[in-house]
Structures are given as structure tokens and as C-alpha cells.
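See below for the structure under consideration.
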Amino acid sequence: MTSDQRIRTHSSNTSRERILKALRHEPTDRVPIDLGGMASTGIMAIAYNKLKKHLGIESGQIRIIDIGQQLAEVELDILERFGADVIPLTHSLGEAQPDKWKSWTLPNGVDCWVSASLDLRPDEESGGWKVWEKGIPVRRMSADSLYFTRINPPLREAKRPADLKEIPIPIFNDEQLKALADRAKTLYENTNYAIMAGFGGSVLEMGQKLRGWERFMEDLAEGGSFTEDLIQGMVDKHLQNLALYLEAVGDQVQIIQFGDDLGTQDRPQMSRRMYQKFIKPGHMALYQFVHQHSQCRVFLHSCGSITPLIPDLIECGVDILNPVQTSANNMAPEKLKAKFGDQLVFWGGGCDTQSVLSNVSPDKIRDHVTERLKTFTPGSGFVFNQVHNIQANVPPENIVAMLDTAREFDLHSIG
């Protein structure tokens, strides 16, 4: 029995089936909703703390699941309050796990918890913080910032193919795989949520992480055996991990999430020709591997203006596109839905976080979200989410207005 067949035995009104129907472009009983199914569909911890206070929820803890973006794990009380339908594979289900967390303080002074394995040290130079790995700082946040930025890319000084014998992408060990398998089984058997497995598996972003953004873009411009060997080495490591990952969790999860930010505000980071030459082969290998070895859908998080690359992404095997950055150039909701709505599930685009969510009244939020729902929901193939994370400065009243509008939207009103 396949994962899809097993899932279909659940009630048609469960969150899991609601998401699967949307992914199959079938009618749903209401708009499917995601809040924190993966890192970039969630909420910054500062905004999450304000939201909990606004809702009068005093239980639970504020746990940081992404130190770089200061993102909070969305607890079950919040998921249930807003009718969210998705849960990340790594969700802790409110377990105490005292050995896995340690206390920290958010930039606004609010107490929180971070991973016990995270080596966080004060940065005397900036008055902020640094994250250390293997004896060197790899991320830095200044005292007046809300985000950590990457520093000291490990392959920055590599120059020859011989310098790439060991690409620093760790391979899952048995302990990690068992923990993932156990978590997948627990979530599958004890919740009705759709489960999103955050694999990552980036090609462009991984190159930028390992080499530094500017240097990797120079690599792509120069081409040659060094660039080709670097990219192939990254993809080989990803494929090795992906095989292990799918074997561990593929029967219990419904969505495998990849991430590769291909766009800027006004255009892709590279020409389509450069994408097709250097990045697309890796995407093709990874996404097709998922389709060949599981029933999971391929979810790609890719920010910015990426419309020229969408046909290639579909060809590679992308089923779901996120965050649908409608404020970027050439990313108008109506055009995206008309051109690609039969081939892709749009997971996002439901509320503009750049210029709307933090800047207007709750009433205007409701109008804005309603307009987006009328555009994206016809023919199904849509999961509601704001464009990328809810930022620290978003008033809780606006968050409530946005999510309640999505949950209460009458799908019959669009005919």
C-alpha cells in the first residue's frame, strides 16, 4: 500500500486529506492553511510572543527553530486556533526535552529557548552574538539587528578541483535517521496534519553558503571544471542524503521541502541560460529522485522574481511553489494563476508581507486577503500562507485578521 493510499483512509475532513486534495487540484471543504510547516512559512519569535499574549495563551514555550531568521516553533494551540493543516517533521509536539534546549534572550529582551547544541557566544566587537562551529564563527548578529548573517564560508579560498575532494555537507548518521523515522511515525499516527519534511537540498544557495555569495556568482560567470566539480560534488552529497532521508521517512510524510532562492526583487539572480547550464541539472536530479522513490510531492521555496524560470522548475519536477512573492517584479497573482495554475500548487502569495501585513489596518488586511483568495483558490491547487515569514513588527491584530479571513473564506462565493 502506498503512502497516498494509506492517507486516503483518513476522514475527508482531516487536515492531511485537505492538503492532499489541494495538491491534487481537487475541491476542498475550506481553504487549506499553513503556518510554520517549514521555516519560511512561519513567524519570527518576537511577533509570535506578541501573538500569544494577544490571544491570552500563557502555556508553552517560545522555541527558536531557525536562529538565522529568529523563527519560533508554532505550538499546537496556535495551529488549532487558526485551523492550520500542516506540521513540520521536526515539530516537538510540546515535549519538554530539557536536554535538547537551553535558555536565551531575544533581541527585545524576551526569554526563549534555542537548541542545546547551538554554540552561541557574545560578540564583543559588535555587542551582538556569534554562532560558532568547529572552532570558528559562522554567523553573526549585531546588537541592532534581528537576524544572523553567514560569515567565513568554508570553501572561500578553494581554487582548484583538488580543493574540493571533501565537500563540507554532512551525511546523515544512523542516530539522526532513527530520530527522523521515529518523529515521522509519531506525527503520522498521532496527528491528522499533513507532514512536511524540510530536506533543503539547495544548489545555488549551498554554493553561496560554501563559497560566499559574491565568489560563487563569480564561479558561475567563469564556469570551467572547478565550478562544475563544485556543483556536482554538492549534488552528489544531497542525493546521498536524500536516499537515506526518503528511506527513513518517505512512507509517513507527504511533502519534501527543498529551498533555493533563485530570484531578486526585480529579476532572477542569473539568466535563464546560466540557470539551465549550471543549476537546473542538479534540481532535475534531486526532484526526479523524489518522484522515482516516493509518493511525496516536491515543494520548492524560492524567493523573488522567478517567473522566467518557472517552466524549467516544472520540468524538473516541482509540484509546489512557495513563497509566491507577489510583490516582486513580474509576479502578479493573476498572471501566475492563469499561466501556471494547472501545473503548480501555489503555497503562499496570500498576503503581501513587504508592504501590506505590517502597514495597514486589520480591515484592509481582510480585504487584501479576500482579493488574493479569489485569485488563487479557483480550481484548487492553493494552500494559504503569507509571503514568507511574519516579521517582528507585524501587529498581532493583523495576524489574526489575515488567518481568520483565510479560514472563514467561502469557497462557494467564487462560483
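Values quoted throughout were computed directly from the atomic coordinates according to the rules given, and no laboratory measurement underlies them. Model, not experiment: these values are computed from the prediction. Cβ atoms come from the backbone with ideal geometry, glycine included; neighbour counts cover every protein chain shown.
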Where does each of M331, M234, M284 land when they are ranked from fewest to most other beta-carbon atoms within 10 angstrom? M284, M331, M234
Given C-alpha coordinates of the chain, what is the ratio Rg to Rh with the Kirkwood estimate of Rh? 0.94
Only bridges whose two residues both fall in the chain count here: according to DSSP, what percent of them are antiparallel, nearest 5? 50 percent
Can you pull the semi-axes for the stretch 27-180, root of five times each eigenvalue of the Cα gyration tensor, sorted largest first, whole Å? 31, 22, 15
As an exercise, identify the GluC sites (Glu not before Pro) in the stretch 95-162 lying in DSSP coil whose Cβ has no more than 10 other Cβ atoms within 10 Å. E95, E124, E125, E157
Ranking of D163, D99 by count of other Cβ atoms within 10 Å, fewest first: D99, D163
Long-range amide H partners of F199, meaning residues 5 or more apart or on another chain whose placed amide H is closer than 5 Å, are Q257
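Can you compute the equivalent ellipsoid semi-axes for the stretch 172-232, i.e. the square root of 5 times each eigenvalue of the Cα gyration tensor, sorted largest first and rounded to whole Å? Intermediate results must be reported in sequence, preceding the final value.
Values: eigenvalues 274, 33, 14 Å².
Taking √(5λ) for each Cα gyration eigenvalue gives 37, 13, 8 Å.
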Listed residues A221, V235, L146: farthest to the positive end of the dipole of the chain (Cβ charges): A221
With Rh as the Kirkwood radius over Cα pairs, the stretch 180-293 has Rg/Rh of 1.05
